[in-house]
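I have placed the structure first, in the form of structure tokens, so that the comments after it can refer back to it.
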Amino acid sequence: MGVYGLTCLLLLCVVEVFSKPTYKNERVHFDPELSRDPHEDNQSYRYDHEAFLGKEEATTFDQLTPEESKERLGKIVDRIDGDKDGYVTTDELKSWINRVQKRYIYENVAKVWTDYDLNKDNKISWDEYKKATYGYYLANPEEFQDATDQFSFKKMLPRDERRFKTADLDGDTAASREEFTAFLHPEEFDHMKDIVVLETLEDIDKNGDGHVDEDEYIADMFAHEVEGPEPDWVKTEREQFADFRDTNKDGKMDKEEIRHWILPQDYDHALAEARHLVYESDLNKDQLLTKEEVLENWNMFVGSQATNYGEDLTKNHDEL
């Protein structure tokens with residue numbers, strides 16, 4: 001059984017053994033900040049460096065000479081220019097920043113890739129995933145006589161297949177690394193958001209009416225297993241449901257209301273940073289960046305030994 005399927009099964013087993021615990025279930029997906037450093041360009045470009053490169057890679061660049069940093073930056077610009085027209089657009093820069101910030105997700109997928117790519121063709125077909133994840137169950141159904149286990153597998157298999165097909169953008173029934181990443185981490189990809197909403201609805205909607213009412217909403221977070229008053233946070237969640245979740249005031253959440261709840265339209269950090277970098281580097285103000293314009297303003301994009309040393313001097317001076 002593959003890592004993803006095994007994890008799901010273990011989670012199901014935990015719920016079965018211990019019943020539903022008293023807890024607050026966090027389903028809301030927020031985009032994290034691009035850097036913990038303040039965005040103060042008059043003091044330091046550290047925020048920009050970590051946004052553009054990621055924290056670890058930004059630290060690596062700080063150890064390079066200015067010449068080495070600019071050389072590597074030039075190669076990065078070539079990668080960002082997806083259509084190879086010689087210009088970097090705001091959208092291309094935003095896509096790059098998003099990918100950099102989600103590097104850990106791609107690294108996690110790389111770690112499990114060989115568990116599923118059984119024929120080593122650098123793609124994962126649905127049959128390969130199904131065999132790796134559900135193969136033992138499908139070959140030995142008699143070992144899963146427990147009704148709950150049977151129900152869990154029968155529910156998970158078509159659900160995974162539906163998600164796999166949604167992630168398979170070219171429809172060839174085989175996932176590239178990008179498509180497989182979208183399959184395992186659907187909340188991180190715009191074209192997978194409908195699946196995230198649908199799966200959330202299916203998880204919480206116990207009466208099968210296609211909506212989530214207040215009791216179902218609370219039951220997903222809290223099981224009142226002992227007599228006594230509800231915790232204060234549960235009362236607050238009931239108020240949140242009435243005041244903010246149920247926007248059309250019909251006593252239940254539909255798919256659109258669920259989307260606003262679990263996938264809030266928060267501030268788009270990547271877009272804001274992409275616009276900032278373009279504005280600060282676009283010498284001819286055509287809202288496009290050439291490689292020359294990026295390299296002219298290279299120290300805003302990446303650091304080096306020289307810029308790192310300069311920041312240290314500034315800090316030491318301020319401390320004095």
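The values are calculated or read from the model by the stated rules, or taken from the named source; none is laboratory data. Bear in mind that the values here come from a model prediction, so they are computed numbers and not experimental data. Cβ: placed from backbone, ideal geometry, glycine included. Neighbour counts: every protein chain shown. Calculation scope for accessible area: heavy atoms of the full protein, side chains included, ligands and nucleic acids excluded. Shrake-Rupley method; radii C 1.70, N 1.55, O 1.52, S 1.80 Å.
See the values below:
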quantity	calculated
Selected residue [in a helix (DSSP H, G or I) and either of a type outside the set (S, T, N, Q) or closer than 30 Å to residue 171 by Cα (or both)] from 40, 92, 33	92
Candidates 161, 178, 187, filtered to the one that is touching a helix residue (DSSP H, G or I) at 6+ places or on another chain (Cβ under 9 Å), closer than 30 Å to residue 237 by Cβ and surrounded by fewer than 19 Cβ atoms within 10 Å (Cβ to Cβ)	187
Single residue of region 106-132 satisfying the filter (within 23 Å of the chain's Cα centre (by Cα) and farther than 20 Å from residue 165 by Cα) that is most open to solvent (accessible area, probe 1.4 Å)	111
Filter pass, residue 286 being more than 18 Å from residue 87 (Cα to Cα) and not polar (S, T, N, Q)	no
Count of residues meeting criterion [outside any helix (DSSP H, G or I) and more than 24 Å from residue 98 (Cα to Cα)] in region 175-201	0
Near pairs, Cβ below 8 angstrom, 6+ apart or cross-chain, from region 42-65 (of a type in the set (Val, Ile, Thr)) to any residue that is surrounded by fewer than 17 Cβ atoms within 10 Å (Cβ to Cβ)	65/305; 65/306
Cβ pairs under 6 Å, 6+ apart, first in region 232-259 and in contact (Cβ under 8 Å) with a residue 12 or more places away in the chain, second among the hydroxyl-bearing types (Ser, Thr, Tyr) and open to solvent by 50 Å² or more (accessible area, probe 1.4 Å)	257/247
Exclusive hit being within 19 Å of residue 264 (Cα to Cα) and open to solvent by 80 Å² or more (accessible area, probe 1.4 Å), set 243, 232	243
Among the residues listed as 306, 223, the single one being at pLDDT below 95 and touching a helix residue (DSSP H, G or I) at 6+ places or on another chain (Cβ under 6 Å)	306
Candidate set: region 133-145, residues that are part of a helix (DSSP H, G or I) and of a type in the set (A, V, I, L, M, F, W, C); chosen: the one most open to solvent (accessible area, probe 1.4 Å)	138
